Amino acid sequence: MEKYKVKYGSDDKTYEFLVGEYPFKDGETCKYTVFFEDRIVASLEPDRNHVLNICNKYSGFDEELLGLLADEIEYRHPNLIPDSNE
């Protein structure tokens, strides 16, 4: 499992998340778990179009902020699922 930090600024506040990347689906792609202040706040998984979706949301964390964080993770990992034509 790979872990890395992602900082995101919003409304004069900076949030620092820890993102854990876990293999799943026979190693074809990865699933992401997002931590904030040592608590799991969401799990994300890619769809067929390489777009991350929230599959689990915990502790009532702001869904809009999680969506922006998903965009940042997509930016870091542009090919979350390999094309079947490759």
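Relative contact order of the range 3-80: 18 percent, from C-alpha pairs under 8 Å at least 6 residues apart in sequence. The apolar share of the surface of the range 3-80, taken as the fraction of accessible area on carbon and sulfur atoms (1.4 Å probe, ligands and nucleic acids excluded), comes to 42 percent.
Note that the range 3-80 shows a convex hull volume over its alpha carbon atoms of 89 Å³ per residue.
Once you charge only the Cβ atoms, +1 for Lys and Arg and -1 for Asp and Glu, what is the size of the charge dipole of the range 3-80 about its Cα centre, to the nearest 20 debye?
Once rounded to the nearest 20, the dipole reads 260 debye.
The values are calculated or read from the model by the stated rules, or taken from the named source; none is laboratory data. Here the structure is a predicted model, which means the values were calculated and not measured. Heads up, the Cβs are rebuilt from the backbone with ideal geometry, glycines too, and the neighbour counts pull from every protein chain shown. Only protein heavy atoms, including side chains, enter the accessible area calculation; ligands, DNA and RNA are left aside. Shrake-Rupley method; radii C 1.70, N 1.55, O 1.52, S 1.80 Å.
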